[in-house]
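> Attaching a single structure in structure tokens format; questions to follow.
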Amino acid sequence: MKTEDDRGHPFRASRQDAATASHIPDTPQTRAQAYRLAYTDLDFLMREELRPVRFQLELLKPQMMMDEAGIESTVVMFGGARIPSPDERERARTKTLADLSVFYDEARNFARVMTERSLAGGGGEFVICTGGGPGVMEAGNLGAQEAGGQSIGLNIVLPHEQAPNEYVTPDLSFNFHYFAIRKMHFLMRAAAITVFPGGFGTLDELFETLTLIQTGRMRPVPVLLFGREFWERIIDWQALADAGTISDSDLGLFHFVESADEAVAIIDHWTPKPRREPPPEAR
């Protein structure tokens, strides 16, 4: 973070004026909202007309902080918040959720291995990035912590109370209001994307990723779906191709894996491919 002495210009700092303005005489004029500095006036910043500015701020703040932390690339881990750890499987709401607890350990092991590799290279590449919540997300952040590395948590404000899991690196624990900006931060630095069994949120994140790659709007990266049985039960992938709503080649945009070792092997042998051009009918 730059100090006031290395800002590259001689003008008085905004922080200085904010401090000065907080100690002005108390008069009807200075108490009025109109007199507040715009950048310290929360009532003004929350106005409907300021939404474009809030979008920009929410994009910029994590970007700057990750740059300052030396984050070059990430390994994104999507997955269900309701998947329990094996120790908690007996408390799962359904037998399926209890059975899916095996993927908590796979997520934890995967994050640990990838973080060890990240640290061996200096710590700025392949940094684990999750949604910061419980379940698979917690497992990812836990695995990174066990390896002695940092990890990112991209939380979002929800109607029910939620806090980041305790394993997210505090200085990389972000909170969002806009789903769209949060999604951008998931993918902006992604070198690989893993998707564990989950619900609506996980499906949303998976299909947005596949759509961006399919349409050539995003460079192809490994997209690894943990648990073939789960994914083939809830989505008939081949039926989409048979119907012609996707191309047969689109089935190659992702890979099924069952274990952390399989996922790591695919990432290790991944050959970068050129950005896909959209099909003629989509141009």
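> Hey, any hits in the stretch 134-149 for a residue that's crowded, with 18+ Cβ neighbours inside 10 Å, at pLDDT 95 or above, of a type in the set (D, E, K, R) and within 16 Å of the chain's Cα centre (by Cα)?
yes
> Take the residues in the stretch 34-70 that are outside any loop (DSSP other than H, G, I, E, B) and either on the phi > 0 side of the Ramachandran plot or of a type in the set (Lys, Arg) (or both), then tell me which one is surrounded by the fewest Cβ atoms within 10 Å (Cβ to Cβ).
Here the residue is Arg51.
> Can you tell me which residue among Gly153, Gly198 is touching a strand residue (DSSP E or B) at 6+ places or on another chain (Cβ under 9 Å), under 20 Å from Pro84 (Cα atoms) and assigned to a loop (DSSP other than H, G, I, E, B)?
After ruling out the rest, the residue left standing is Gly198.
> Pairs, please: C-beta under 6 Å, at least 6 apart or cross-chain, first residue touching a residue at least 40 places away in the same chain (Cβ under 8 Å) and in the stretch 42-68, second loosely packed, with under 11 Cβ neighbours inside 10 Å and outside any helix (DSSP H, G or I)?
none
Okay, residues lined up against (1) surrounded by fewer than 20 Cβ atoms within 10 Å (Cβ to Cβ); (2) of a type outside the set (S, T, N, Q); (3) under 28 Å from Thr96 (Cα atoms):
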site: Glu166; (1), (2), (3): yes, yes, yes
site: Tyr178; (1), (2), (3): yes, yes, no
site: Arg182; (1), (2), (3): no, yes, no
site: Glu229; (1), (2), (3): yes, yes, yes
site: Glu232; (1), (2), (3): yes, yes, yes
site: Leu253; (1), (2), (3): yes, yes, yes
site: Ala265; (1), (2), (3): yes, yes, yes
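> Would you check if there is a residue in the stretch 212-220 being more than 18 Å from Ala81 (Cα to Cα), assigned to a loop (DSSP other than H, G, I, E, B) and in contact with an Asp or Glu (Cβ under 7 Å, 6 or more places away or on another chain)?
Looking for residues that are more than 18 Å from Ala81 (Cα to Cα), assigned to a loop (DSSP other than H, G, I, E, B) and in contact with an Asp or Glu (Cβ under 7 Å, 6 or more places away or on another chain), one finds at least one in the stretch 212-220, hence yes.
> Let me ask something else about it. From the set of residues in the stretch 1-33 that are within 27 Å of Asp67 (Cβ to Cβ), assigned to a loop (DSSP other than H, G, I, E, B) and charged (D, E, K, R), which is modelled with the lowest pLDDT?
Lys2
> Arg112 - would you say it is over 22 Å from Gly153 (Cβ atoms) and buried (at least 17 other Cβ atoms within 10 Å of the Cβ)?
no
> Go through the stretch 253-283 and give me each residue that's under 13 Å from Gln214 (Cβ atoms), in a helix (DSSP H, G or I) and at pLDDT 95 or above.
Leu253
The values are calculated or read from the model by the stated rules, or taken from the named source; none is laboratory data. In this text the structure is predicted, and so the values were computed from the model without any measurement. All Cβ positions, even for glycine, are placed from backbone atoms using ideal geometry, and neighbour counts span all protein chains on display.
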